[in-house]
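The values are calculated or read from the model by the stated rules, or taken from the named source; none is laboratory data. These numbers come from a predicted model, not from an experiment. So basically every Cβ, Gly included, is an ideal-geometry build from the backbone, and we count neighbours across all protein chains shown.
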Amino acid sequence: MQKFLPDKIVIEKGCENDVITLNILKKLSHIPIEYFDGKDSEFLDQNIVVVRKYKDNYFKRCPGSPNVICCNYYVLKNAENCHLNCTYCFLHEYFKGRAIVIYSNIEKMFDEIDRILKKNRRRFYRIGTGEFSDSLALDDLTNFSKLIVPFFAEYNNALLELKTKSVNINNLLELNHKKRTVVSWSINPDKVIYEEESLSPLLDERLKAAKICVENGYRIGFHFDPIIYYQGWEEDYRVVVEKIFSYVPQKEIIWISLGSFR
């Protein structure tokens with residue numbers, strides 16, 4: 001998987017000293033920078049990274065589709081859009097702009113999570129960051145996992161899910177996660193990856209990354225989403241299932257989900 005290099009970084013004034021902003025600028029010191037006043041703007045170019053403050057609540061119930069039973073999942077909107085550019089991705093039409101947006105005021109996020117988890121100590125929460133962007137695809141730029149994984153390690157009534165198609169796991173390997181973080185991969189046969197997910201790592205690369213995470217104490221999730229119907233699909237998906245269990249022991253897989261277009 002090629003590392004993402006934007007053409008430009010656009011930063012909201014007032015975010016310059018946020019830790020996420022500083023991490024990005026350290027890694028992309030050679031990329032041109034512009035500043036804007038924070039007013040809503042449509043950044044249409046996918047090769048731009050926009051760093052700004054999130055003004056709504058970070059912590060929300062997953063926005064399930066109409067007439068679909070939801071699984072009581074909660075999401076954190078720490079970023080918007082994805083550079084992997086899968087052909088079927090709903091993000092192409094979900095947001096007004098195509099730029100990669102990264103929210104930098106994560107202390108607000110952590111305050112929200114802390115308040116909710118402490119207020120409802122008897123309730124268990126599954127919380128993920130992969131609803132509106134890939135959880136790890138840009139982690140080498142933001143180092144966000146280095147902040148959020150240790151944060152969740154201190155709570156017994158929640159699990160954090162990092163959902164990805166990438167193999168960008170290096171940051172995870174040095175963290176004391178206390179098994180409060182699950183690393184999950186969206187998976188498909190290589191035929192689908194070649195044709196519809198062409199900027200993403202192949203299946204074996206994803207499964208090798210999952211194996212490394214298991215060796216570092218993480219539990220793993222897999223999402224067949226979306227399942228694609230084509231001639232020969234059944235045999236190809238059978239191979240995917242066999243490969244999963246050749247890389248990852250069954251006891252280390254915490255959940256597997258199936259999804260279609262919706």
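Any residue at all in segment 132-142 that is at pLDDT 95 or above, within 22 Å of residue 6 (Cα to Cα) and surrounded by fewer than 19 Cβ atoms within 10 Å (Cβ to Cβ)?
There is at least one residue in segment 132-142 that is at pLDDT 95 or above, within 22 Å of residue 6 (Cα to Cα) and surrounded by fewer than 19 Cβ atoms within 10 Å (Cβ to Cβ).
Out of 247, 230, I need the residue that is modelled with pLDDT of 95 or more, more than 19 Å from the chain's Cα centre (by Cα) and either surrounded by fewer than 17 Cβ atoms within 10 Å (Cβ to Cβ) or under 14 Å from residue 86 (Cβ atoms) (or both). Which one?
Sole residue among the options that is modelled with pLDDT of 95 or more, more than 19 Å from the chain's Cα centre (by Cα) and either surrounded by fewer than 17 Cβ atoms within 10 Å (Cβ to Cβ) or under 14 Å from residue 86 (Cβ atoms) (or both): 230.
So how many residues does segment 77-126 have that are under 17 Å from the mean Cα position of the chain (by Cα), of a type in the set (A, V, I, L, M) and under 19 Å from residue 59 (Cβ atoms)?
5
Look at segment 94-116 and say how many of its residues are buried (at least 21 other Cβ atoms within 10 Å of the Cβ) and aromatic (Phe, Trp, Tyr).
The total comes to 1.
Among the residues in segment 64-78, are any of a type in the set (Val, Ile, Thr) and within 27 Å of residue 149 (Cα to Cα)?
yes
Pick out, from segment 1-93, the strands (runs of 3 or more DSSP E) lying fully within it that include 1 or more residues that are out of contact with any Cys (no Cβ under 7 Å at 6 or more places or on another chain) and buried (at least 16 other Cβ atoms within 10 Å of the Cβ).
Those strands (runs of 3 or more DSSP E) span 8-12, 48-52, 59-61, 73-76.
For segment 225-262, which residues satisfy the criterion of being part of a strand (DSSP E or B) and under 26 Å from residue 175 (Cβ atoms)?
253, 254, 255, 256, 257 - these are the residues of segment 225-262 that are part of a strand (DSSP E or B) and under 26 Å from residue 175 (Cβ atoms).
What helices (runs of 4 or more DSSP H) lie completely within segment 105-224 and have 3 or more residues being out of contact with any Gly (no Cβ under 6 Å at 6 or more places or on another chain) and among the aliphatic types (A, V, I, L, M)?
It comes to 106-119, 144-152, 203-215.
Could you list, ordered by first residue, the pairs with Cβ atoms under 7 Å in which the first is in segment 59-82 and touching a residue at least 12 places away in the same chain (Cβ under 8 Å) and among the acidic types (Asp, Glu) and the second is surrounded by fewer than 19 Cβ atoms within 10 Å (Cβ to Cβ) and part of a loop (DSSP other than H, G, I, E, B), at least 6 apart or interchain?
If the second residue must be surrounded by fewer than 19 Cβ atoms within 10 Å (Cβ to Cβ) and part of a loop (DSSP other than H, G, I, E, B), the pairs left are 80/95.
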